[in-house]
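Contents: one structure, followed by commentary.
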Protein chains: 4
Amino acid sequence: MEKRHVLLIDCPDKIGLVYRVTSILFKNHLNIIRNDEFVDHQSNHFFMRTEFSGDLDAPKLIADLEGLGDIDKGHIRLNPRKKKNIVILATKEHHCLGDLLIRYAYDELDANVLAVVSNHRILQPLVAKFGIPFHYISHVGLERRAHEEMVEKALAIYNPEFLVLAKYMRILTPEFVRPYSNRIINIHHSFLPAFIGANPYKQAYDRGVKIIGATAHFVNDDLDEGPIIHQDVIQVSHQMSAKDMARAGRDGEKIVLARALKKVFQDRVFIHRNRTIVF
Amino acid sequence: MEKRHVLLIDCPDKIGLVYRVTSILFKNHLNIIRNDEFVDHQSNHFFMRTEFSGDLDAPKLIADLEGLGDIDKGHIRLNPRKKKNIVILATKEHHCLGDLLIRYAYDELDANVLAVVSNHRILQPLVAKFGIPFHYISHVGLERRAHEEMVEKALAIYNPEFLVLAKYMRILTPEFVRPYSNRIINIHHSFLPAFIGANPYKQAYDRGVKIIGATAHFVNDDLDEGPIIHQDVIQVSHQMSAKDMARAGRDGEKIVLARALKKVFQDRVFIHRNRTIVF
Amino acid sequence: MEKRHVLLIDCPDKIGLVYRVTSILFKNHLNIIRNDEFVDHQSNHFFMRTEFSGDLDAPKLIADLEGLGDIDKGHIRLNPRKKKNIVILATKEHHCLGDLLIRYAYDELDANVLAVVSNHRILQPLVAKFGIPFHYISHVGLERRAHEEMVEKALAIYNPEFLVLAKYMRILTPEFVRPYSNRIINIHHSFLPAFIGANPYKQAYDRGVKIIGATAHFVNDDLDEGPIIHQDVIQVSHQMSAKDMARAGRDGEKIVLARALKKVFQDRVFIHRNRTIVF
Amino acid sequence: MEKRHVLLIDCPDKIGLVYRVTSILFKNHLNIIRNDEFVDHQSNHFFMRTEFSGDLDAPKLIADLEGLGDIDKGHIRLNPRKKKNIVILATKEHHCLGDLLIRYAYDELDANVLAVVSNHRILQPLVAKFGIPFHYISHVGLERRAHEEMVEKALAIYNPEFLVLAKYMRILTPEFVRPYSNRIINIHHSFLPAFIGANPYKQAYDRGVKIIGATAHFVNDDLDEGPIIHQDVIQVSHQMSAKDMARAGRDGEKIVLARALKKVFQDRVFIHRNRTIVF
């Protein structure tokens, strides 16, 4: 099979953009296999993801695209690394982490798990089964930034492209988040109606919700507020205690996180303002 | 087929309650067809819904149940009216109202629709098709309570057991709600995460949600805050505008409202604190 | 707002097709608003749906596209009629028909309902409410083709683009279907696992399924076998009788049919072999 | 917390059964915590699952229940073993097995995984991570029964209460199934409409389904035909290849299997004819 390439473009919309971009692919003798486009008409912004095959001269293609004069260099991405290098951060819960490790063991994650960092020891035996470095960095007795700086030091060893928060129960400071802008993915329980604050499953139970959900999203300054990548829900009933709901919610969380990561790691997700375009 | 009866009991839990209640049914030669029970162990409260057949002496059965000494008279309901008398309140949107009217026309609503009240004229032709009284009571130029009093006057004609808010876009005062305590059912769009305030679909769009939902609930003092009866969701994508989302949301709203009403009108719903028990 | 146009192309795939087509749009000073493409790599077939705005010279655009030499005239559709002319066929059940009529009354169907044809009288009062011609054509005492010929005669009055089978419980002969090839849409209950033959809800109940579904599809020779447009499911339980399941299934059927029709009538559906491409 | 007990009764329905059974619990000073009942009115069969607390004299309770004269001894189950002893059978796919092993490692499975049996070697490293015996029993060159007898010999070591077929791709003979009647649970992909025979995902793709599903069921003589325990579905689209569908389907399969096992292992499932009653 011929090698597949991926081209990602996002830039202000202009008449003829699809034509101009595809003409360059054509003139470079490249064959489009799958092409997704979207124009956000509110902000007049253009998004395009093209899978193509053929004999690629990458510098020439990028030069040709820049030559159009329509697309800033910063908005062209050609062949991002196939497997993303990631570090997973977790706390005590194993369901998302375990699911990701199994997928990783069978090469289904589109990523290399370089390490797991946790502020508790409890997940160490699970991580050890998969032969992945585990960094236990307790937050006990530390100021938030002091703890984060220790985490940053551990991360520096690995230089990950993405951080995956697999039920990492720490609030992150803007200082921590900034260098990983749009490169941190979190999984968040969520409900109809949504509950803010401590013990959301208890709140959901008290409110008598009939549905619980899970939301995978990018993290920006506010932990639970970045662009949403994927969401799903599970039906619950009055028979279920807050604990039962939490248990049911975990299955949703692990599947939603895995699907969101698949989309991100396959370069199918654009971030625009506070929304995602998912191809 | 033998006549079916329904007995509803909710009271503080005690050892032997199921035994005591069913022994009375047995001694009255009544045959249980379906029995649902639930104990809320947080509040130690007992809920029981029994369908039974047989030759019923209603005053004797109730006297026997009261004779147990465990259940207050106020917590025994025997054979609530099969078809509830209801008035539907709506504003401009037709999707929930139209769905209910079709179901009513085919006797699938477990209710008699006595009238429709609206603060706009626009739904009059739809209601007229089904030969149901339509009360147009404009709120223009009126204080909230003054408008509500006019609605109350219209409702007084019909003495409805339940009010159904089928996209009635008016905030209700506690004065209006109180006499219909636990007898007003509302349908509310809802989202993950939830949005409060004006134009929620616009907010949902801006936030880039991947799921929109609908929640049917009883109304207490706070319009959007009473016990939830039923909820469901619909998947959406970045391709959909705020208007597309609203359109998709309407299908969810009408189905969720209809299912919630079915449960309520079939006497399958208990309200306890801010939760429902749905059998 | 500028007038929007829709261009639909489906043809064997070739290198440079997106480029060639979009270049022609560009050279005609037409602005792409939304572009969807798909290549079926199994059959090497190309599908493209483009919404664009601008000052359209339709004959010139089509001539230019044909001039490419890649796309047969028969595979270019430009600006199909916005509102499709349809006739609805039904039997006794009102749920799908009622839902479509309400949507039609509020101009949400993307179609003109020219008439309703039924082999029973029972739906006549419902159709009358909406002021639409109702043709009662009983099948009693008639051979299948004799009955169909009477239906064909009624249809001939209206010359509909699409026939919608809204729970039309008659098996159609190939003679009837052929002239409406890919223009008949049916709604079919369906289950996991699927049941064939009479009384599927009874079969589903006996099998103890936990999910019932609905499938909207095009009709080809075999009534329940054409390309699927949309599907959805509803959870059921052992508490539900076959009748309860049928009742719950109806809500699914009406929503699934409405969504499928929306997609088809907005020219978002291509048929290829026995599959649909839905943009 | 007081010890909880579980009583399961299923027998022909009679007037007064709930009363009789609960009277015996009451007279034994036992306190019902949760009570579920169901009567199948088609077959006139009664099902009851009662959780209760209190000072249990088990032989006396069973003698009292038998003394009623309504319930055969064989239809009373008191306090089934809390954690079921199980053996998992798998072939090459890891997704269900891996998910179960993680749950088991965190004591969330309500079961002891005594061993894993496979007709391939490929899952051995995964099982080894969790310190569970792995029996590789190749079927190559063996008659079906000869292979099964080798499996039976391995199973004899463990005397499991349940066999879990976690994507075990072997057809089982009635000889193998019989001794485990109602004690084998299988996970089966399934579709709307359902596909029989080889390569169902390919068939589903060719048919252009928009939904794929998963069904967990007991196994009787026919591998894919026993009583259904739980089902769920996943939405798919024309963009997905048969391989993509299979990948998406796996997430459904593992969650559906885990939920079904939870219900079975918590003694919440009755089998009656070809249906399940799930409390």
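The values are calculated or read from the model by the stated rules, or taken from the named source; none is laboratory data. Because the structure is a prediction, the values reported are computed rather than measured. Here the Cβ positions follow ideal geometry from the backbone for every residue, glycine too, while neighbour counts run over all protein chains shown. Heavy atoms of the whole protein, side chains included, go into the accessibility calculation; ligands, DNA and RNA do not. Shrake-Rupley method; radii C 1.70, N 1.55, O 1.52, S 1.80 Å.
Under the rule of at least 5 residues apart or a separate chain, name every residue whose amide H is placed under 5 Å from the amide H of residue B:45.
Hits under the 5 Å cutoff: B:13, B:40.
If you average the sequence gap of Cα pairs under 8 Å that are 6 or more apart and divide by the length of chain D, what percent do you get for the contact order? Present the calculation step by step, with values, prior to reporting the outcome.
Working: 494 pairs, mean separation 40.8, N = 279.
This gives 15 percent for chain D.
Kirkwood hydrodynamic radius of the range B:102-190 from all distinct Cα pairs, in Å?
Numbers: mean 1/r = 0.0709 Å⁻¹.
Final number for the Kirkwood radius of the range B:102-190 is 14.1 Å.
Using only Cα atoms, locate the centre of the range D:94-170 and the centre of the range C:134-167, then give the distance between them in Å, rounded to an integer.
If we compute the Cα centre of each part, the gap is 59 Å.
How big is the charge dipole of the range B:4-80 about its Cα centre, in debye rounded to the nearest 20, if each Lys and Arg gets +1 on its Cβ and each Asp and Glu gets -1 on its Cβ? Don't skip to the end; give the middle numbers.
Values: 9 positive and 12 negative charges, 34 e Å.
About 160 debye.
Taking θ as phi - 60°, what are the ³J(HN,Hα) couplings along the range B:260-268 by the Karplus curve (6.51, -1.76, 1.60), each to the nearest whole Hz, with x for Gly and Pro?
Residue by residue, the range B:260-268 yields 5, 4, 4, 4, 5, 6, 8, 6, 9 Hz.
Find every distance from the label point of residue D:15 to the corresponding label point in the other copies (7 Å from Cα along Cα→Cβ) and write them in nm, one decimal, shortest first.
Reported distances to equivalent positions: 3.1, 8.6, 8.6 nm.
If the label for residue B:181 sits 7 angstrom from Cα along the Cα-to-Cβ line, what are its distances to the same label in every other copy, in nm to one decimal, shortest first?
5.5, 5.7, 6.9
Give, as a single signed number, the net charge of other residues whose beta carbon lies under 13 Å from the beta carbon of residue B:199, with Lys and Arg counted +1 and Asp and Glu -1. Present the calculation step by step, with values, prior to reporting the outcome.
Details: positive: B:202, B:207, B:243; negative: B:206.
Residues near residue B:199 contribute +2 overall.
Need one number: the % of Cα-Cα pairs in the protein assembly as shown sitting beyond the 45 Å mark. Working shown, then result.
Working: 249647 of 622170 pairs.
More than 45 Å apart: 40 percent of the Cα pairs in the protein assembly as shown.
Tell me, what is a quarter of the convex hull surface for the C-alpha atoms of chain A, in nm² with one decimal? Don't skip to the answer; put the middle values down first.
Numbers: hull surface 67.4 nm².
Hull-based average projected area comes out at 16.9 nm².
With springs only between Cα atoms under 10 Å apart, run a GNM on chain B and tell me which of B:111, B:90, B:204 wobbles the most.
Between B:111, B:90, B:204, it is B:204 that shows the largest mean-square fluctuation.
Return one number: the angle in degrees, 0 to 90 and rounded to the nearest 10, between the long axis of the Cα atoms of helix D:144-158 and the longest principal axis of the Cα atoms of chain D.
The angle comes out at about 50 degrees.
Which cross-chain or sequence-distant (5 or more) residues have an amide H under 5 Å from the amide H of residue A:112, H modelled 1.01 Å from N in plane?
The list, which skips near neighbours in sequence, is A:84, A:85, A:86.
Set the bar at 28 Å for Cα to Cα. Now go through A:262/D:82; B:263/C:243; B:92/B:202 and name every pair that lies beyond it. Please list the in-between numbers first.
Working: A:262/D:82 38 Å; B:263/C:243 16 Å; B:92/B:202 19 Å.
Going by Cα-Cα distance, A:262/D:82 fall outside the 28 Å limit.
What is the helix-to-structure angle for B:95-105, meaning the angle in degrees between its Cα long axis and the longest Cα principal axis of chain B, kept from 0 to 90 and rounded to the nearest 10?
Rounded to the nearest ten degrees, it is 50.
Report the equivalent ellipsoid semi-axes for the range D:184-279 in whole Å, largest first, defined as the square roots of five times the eigenvalues of the gyration tensor built from alpha carbon atoms. Walk me through the numbers on the way to the answer.
Numbers: eigenvalues 134, 38, 19 Å².
For the range D:184-279, the semi-axes come out at 26, 14, 10 Å.
Which distances in nm, rounded to one decimal and ordered from shortest, link the label point of residue A:141 to the equivalent label points in the other identical copies, with labels set 7 Å from Cα toward Cβ?
Label-point distances to the other copies, shortest first: 6.4, 7.6, 9.9 nm.
Quick check: at a probe of 1.4 Å, how many percent of the accessible area of the range D:91-159 sits on carbon and sulfur atoms?
On the way: 1620 of 3160 Å².
Using a 1.4 Å probe with all protein chains present, the range D:91-159 comes out at 51 percent carbon and sulfur.
If each DSSP helix of 4+ residues adds -39,500 (n - 2.57) and the sum is divided by the residues in chain A, what number results at 222 nm, nearest 500 deg cm²/dmol?
-9500 deg cm²/dmol
If you place +1 on the Cβ of every Lys and Arg and -1 on the Cβ of every Asp and Glu, how big does the dipole about the Cα centre of the range A:117-238 come out, in debye to the nearest 20?
Details: 12 positive and 12 negative charges, 88 e Å.
So the dipole magnitude of the range A:117-238 works out to roughly 420 debye.
Indicate, rounded to the nearest 5 percent, the antiparallel portion of the DSSP beta bridges found entirely in chain B. Spell out each step's value before the answer.
Numbers: 39 of 56 bridges.
Beta bridges within chain B, antiparallel portion: roughly 70 percent.
In Å², and per residue, what accessible area does the protein assembly as shown have when probed at 1.4 Å with the other protein chains present?
Values: 44380 Å² over 1116 residues.
Per-residue accessible area for the protein assembly as shown comes out at 40 Å².
What does the charge dipole of chain A about its Cα centre add up to, to the nearest 20 debye, if the Cβ of each Lys and Arg holds +1 and the Cβ of each Asp and Glu holds -1? Mind dumping the intermediate values first?
Working: 38 positive and 34 negative charges, 134 e Å.
With Lys and Arg at +1 and Asp and Glu at -1, about 640 debye.
Provide the per-residue ³J(HN,Hα) series for the range D:15-22, in order, calculated from phi with Karplus coefficients 6.51, -1.76, 1.60 and θ = phi - 60°, each as a whole number of Hz, with x at glycine and proline positions.
Each residue's phi maps through the Karplus curve to give 4, x, 5, 4, 4, 4, 5, 5 Hz.
Given the options A:231, A:42, A:203, which has the most mean-square fluctuation in a GNM of chain A, springs set between C-alpha atoms less than 10 angstrom apart?
In the Gaussian network model the winner is A:42.
Please compute the net charge surrounding residue D:210, taking Lys and Arg as +1 and Asp and Glu as -1 over other residues with Cβ under 13 Å from its Cβ. Present the calculation step by step, with values, prior to reporting the outcome.
On the way: positive: C:259, C:263, C:275, D:207; negative: C:232.
Value of the local net charge: +3.
Would you work out which of A:50, A:31, A:12 lies farthest towards the positive end of the dipole of the range A:4-80? Charges go on Cβ: Lys and Arg +1, Asp and Glu -1.
About the Cα centre, the residue reaching furthest to the positive side is A:31.
Starting from the Cα gyration tensor of the range A:4-80, multiply each eigenvalue by 5, take the square root, and state the resulting semi-axes largest first in whole Å.
Values: eigenvalues 77, 34, 24 Å².
Working from the Cα gyration tensor, I get semi-axes of 20, 13, 11 Å.
Which ³J(HN,Hα) values in Hz, rounded to whole numbers, follow from the phi angles of the range C:175-190 under the Karplus curve 6.51 cos²θ - 1.76 cosθ + 1.60, where θ = phi - 60° and Gly and Pro get x?
Result, ordered by residue: 4, 6, 6, 3, x, 10, 3, 6, 10, 10, 10, 10, 10, 10, 4, 7 Hz.
Counting only C-alpha contacts under 8 Å and six or more residues apart, can you give the relative contact order of the range C:184-279 as a whole percent? Could the numbers behind the result be given before it?
Working: 158 pairs, mean separation 27.2, N = 96.
Reported relative contact order: 28 percent.
May I ask for the accessible area buried between chains B and A, both sides summed, probe 1.4 Å, to the nearest 100 Å²? Don't skip to the answer; put the middle values down first.
Values: alone 14460 and 14440 Å², together 25850 Å².
Accessible area lost upon association: around 3100 Å².
Select the chain B residue whose beta carbon lies nearest to the rotation axis carrying chain B onto chain C, and write the distance in whole Å.
Output: B:129, 2.
Filter the GluC sites (Glu not before Pro) in the range B:114-181 down to the DSSP loop ones having no more than 10 other Cβ atoms within 10 Å, then list what survives. Please list the in-between numbers first.
Numbers: sites: B:143, B:148, B:149, B:152, B:161, B:175; in loops: B:143, B:161.
Passing sites in the range B:114-181 are B:143.
Where the centre of each part is set by its Cα atoms, how far does the range C:240-279 sit from the range D:213-275, in angstrom?
The two parts, judged by their Cα centres, are 23 Å apart.
So who's got an amide H within less than 5 Å of the one on residue A:225, skipping anything under 5 residues away but keeping other chains? H placed 1.01 Å off N, in plane.
A:220
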